Ligand SMILES: [Zn+2]
Ligand SMILES: [Zn+2]
């Protein structure tokens, strides 16, 4: 009760401001966190429907299945991909600023956007969340793992275990964004190692952006080899280009 009144007073004195237009304003679909979005900016975020339920690429008007042609022919090692948005402006600068300018407040905002979208779309919750790990060199440079920053509020909200220790990135792989699609798949082969025993049966991989899918492919493959029966993917934004 005291906490509630503190929050109300704080929001009255210091209302949340919109990360995109700077207006001090409120959006009913988001909790009142210090960095939020106003309703017009929230409604402006890039969305694309319908998507392939497996890899989250946009389906074309002629597709008569919930799966894209690529997933029908070559099913990836994960079962479902949930994405809140398409990767593009005005969302992409927030993700870039989280990673490269250490805007952890944007991380909290992005995870709240994911919570709103997952609450609507995800009927079966996993037993454990696994943020895509960074290699220790990249982690030392950046000082934090953006996937873990997104995963913590998700784990708290949905009351799901969070495992950021069992999976390691073995190689300091080249920046995926600098590579062509087939080079990305090659770059990620055997990039992850699972240590210890995973007791859960159903996991969700957490990441900020999914482009070719090669990172989640490699991690999902490693998890499946270690006894996880179902792997889903929860990402903030999906690049809508057909890479595979
Ligand atoms: Zn705004
Ligand atoms: Zn697909």
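Any read-out appearing in this document is the output of simple, stated calculations on the displayed coordinates, not a laboratory observation. Just so you know, these numbers come straight off a predicted model, no measurement behind them. We place every Cβ from the backbone using ideal geometry, glycine too, and count neighbours over all the protein chains shown.
Details
- Residue exposure sequence - 128, 231 - by fewest surrounding Cβ within 10 Å: 128, 231
- Scoring 32-44, 107-119 by mean Cβ neighbours within 10 Å over their residues and listing the highest first yields 107-119, 32-44.
- Each part gets one Cα centre, and for region 190-234 versus region 127-170 those centres are 12 Å apart.
- Footprinting exposure proxy for 236, 225 (fewest neighbouring C-beta atoms within 10 Å first): 225, 236
- Three-way shape label, region 128-170, alpha-carbon gyration tensor, a/c 1.5: oblate
- FRET efficiency estimate (nearest 0.05) - Cβ-Cβ, residue 101 to residue 25, R0 25 angstrom: 0.60
- Shape of region 12-151 from the C-alpha gyration tensor: oblate (a/c of 1.5 or more and a/b not above b/c, with a ≥ b ≥ c the square roots of its eigenvalues).
- Estimated purely from DSSP H runs of n ≥ 4, each contributing -39500 (n - 2.57), the mean residue ellipticity at 222 nm for the chain is -11000 deg cm²/dmol once divided by its residues.
- Packing rank of 201-211, 56-66, where each peptide gets the mean count of other beta carbons within 10 Å, highest leading: 201-211, 56-66
- Cα gyration tensor shape for region 46-238, rounded if a/c is under 1.5, else prolate or oblate: rounded
- Taking the number of Cβ atoms within 10 Å of each Cβ as an exposure proxy, the fewest-first ranking of 192, 158 is 158, 192.
- If both residues of a DSSP beta bridge must be in the chain, then about 20% of such bridges are antiparallel.
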